[in-house]
Amino acid sequence: MQKERFNEQAARYIENIGLVEGIYLLKHDVKPNLRLITLVYGGSTLTEEQKESIRQKADGFSLTDTRIEFEQGLTFDKNTGSSEEMERMKSELQRLNLLVLEKNRQIERLSGDDSRGLQMMNELRTLYPDILNFSVSASMIFSDRDTVGERTEICVLRTSGKQFSNSDKEKINNWLKARLQTGKIRVFYEN
């Protein structure tokens with residue numbers, strides 16, 4: 001349980017320190033048993049002040065007793081080449097870093113985060129107390145004329161026998177679309 005909590009706090013911390021004054025986090029390694037986070041930055045070489053600032057940010061994520069270590073990745077210090085080439089490479093590095101962050105978010109969404117469903121059920125129950133069970137899962141929907149499936153969130157709500165009005169169903173569907181940040185959902189109601 002403590003390892004899981006440490007990993008969650010470390011993930012939030014790492015997302016927060018992905019870019020520091022134009023220097024990009026290329027990779028990281030989290031070792032909960034050792035309470036150690038190793039960070040590899042690319043771009044210009046980190047100064048001691050920047051490293052200290054990054055370490056201090058860990059306190060805001062309940063990582064005060066965590067050792068933060070730094071390794072230098074790819075560097076573009078001022079004396080290593082033309083500024084035009086350096087800017088092009090920095091821009092590409094930034095694009096790739098954003099792509100990695102987006103892919104990580106997609107992986108988290110697709111990984112079946114059980115706490116997401118529980119949290120959503122509790123939120124729905126405050127508005128609709130007759131909901132007994134709630135399930136949410138990312139799925140691929142295929143048809144006989146498509147070779148590529150369509151990613152869709154599947155939601156199932158089971159009630160204590162109450163039928164929801166069409167107006168309530170529309171409100172729930174709209175809330176789920178906003179909460180799941182997608183327009184591609186299928187919602188099934190069971191009584």
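Mind listing whichever residues of segment 41-56 are at pLDDT 90 or above and touching an Asp or Glu at 6+ places or on another chain (Cβ under 8 Å)?
Once the filter is applied, which keeps residues that are at pLDDT 90 or above and touching an Asp or Glu at 6+ places or on another chain (Cβ under 8 Å), segment 41-56 yields only Q50.
Does R151 satisfy the condition of being modelled with pLDDT of 90 or more and closer than 30 Å to R186 by Cα? Steps first, please.
Working: modelled with pLDDT of 90 or more: no; closer than 30 Å to R186 by Cα: yes.
It is false that R151 is modelled with pLDDT of 90 or more and closer than 30 Å to R186 by Cα.
Kindly indicate whether any position in segment 152-160 is under 18 Å from the mean Cα position of the chain (by Cα), surrounded by 15 or more Cβ atoms within 10 Å (Cβ to Cβ), of a type in the set (A, V, I, L, M) and in the same structural domain as I185 (by TED's automatic domain parsing).
Looking through segment 152-160, none of the residues is under 18 Å from the mean Cα position of the chain (by Cα), surrounded by 15 or more Cβ atoms within 10 Å (Cβ to Cβ), of a type in the set (A, V, I, L, M) and in the same structural domain as I185 (by TED's automatic domain parsing).
One line per residue, one yes/no per condition, for (1) at pLDDT below 85; (2) crowded, with 19+ Cβ neighbours inside 10 Å; (3) over 19 Å from the mean Cα position of the chain (by Cα):
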{"position": "A11", "(1), (2), (3)": "no, no, no"}
{"position": "N16", "(1), (2), (3)": "no, no, no"}
{"position": "E21", "(1), (2), (3)": "yes, no, yes"}
{"position": "I37", "(1), (2), (3)": "no, yes, no"}
{"position": "A58", "(1), (2), (3)": "no, yes, no"}
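Out of everything in segment 124-148 that is hydrophobic (A, V, I, L, M, F, W, C) and closer than 19 Å to W175 by Cα, what residue ends up being modelled with the lowest pLDDT? Full working, then the answer.
Here is the first cut: in segment 124-148, the ones hydrophobic (A, V, I, L, M, F, W, C) are 124, 127, 131-132, 134, 136, 138, 140-142, 148.
Cutting the leftovers down to closer than 19 Å to W175 by Cα gives us 124, 127, 131-132, 134, 136, 138.
Values: L124: 90, L127: 88, I131: 91, L132: 91, F134: 91, V136: 88, A138: 81.
Top of the filtered list is A138.
Six or more apart or on different chains, Cβ atoms under 7 Å: show the pairs whose first residue is in segment 151-162 and over 9 Å from S135 (Cα atoms) and whose second is at pLDDT below 90 and hydrophobic (A, V, I, L, M, F, W, C).
Pairs that qualify, where the first residue is over 9 Å from S135 (Cα atoms) and the partner is at pLDDT below 90 and hydrophobic (A, V, I, L, M, F, W, C), are R151/A138; R151/M140; T152/I141; E153/V136; E153/A138; E153/L180.
Matching residues to (1) in contact with a strand residue (DSSP E or B) (Cβ under 7 Å, 6 or more places away or on another chain); (2) part of a helix (DSSP H, G or I):
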site	(1), (2)
N122	no, yes
P129	no, no
V136	yes, no
S139	yes, no
E170	no, yes
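Any residue at all in segment 116-123 that's among the small types (G, A, S) and either surrounded by 15 or more Cβ atoms within 10 Å (Cβ to Cβ) or modelled with pLDDT of 80 or more (or both)? Break it down into steps so the answer makes sense when it comes.
Kept after step one, since they are among the small types (G, A, S), are these residues of segment 116-123: 117.
Subsequent filtering for residues that are either surrounded by 15 or more Cβ atoms within 10 Å (Cβ to Cβ) or modelled with pLDDT of 80 or more (or both) retains 117.
Within segment 116-123 (the criterion being among the small types (G, A, S) and either surrounded by 15 or more Cβ atoms within 10 Å (Cβ to Cβ) or modelled with pLDDT of 80 or more (or both)), the answer is yes, since at least one residue qualifies.
Checking G183 against (1) without any contact (Cβ under 8 Å) to a residue 24 or more places away in the chain; (2) touching a Ser or Thr at 6+ places or on another chain (Cβ under 9 Å); (3) outside any helix (DSSP H, G or I), only one condition comes out false. Which one?
Only one criterion is unmet by G183, namely (2).
The values are calculated or read from the model by the stated rules, or taken from the named source; none is laboratory data. These numbers come from a predicted model, not from an experiment. No Cβ is skipped: glycine too gets one built from the backbone with ideal geometry, and neighbour counts run over all protein chains shown.
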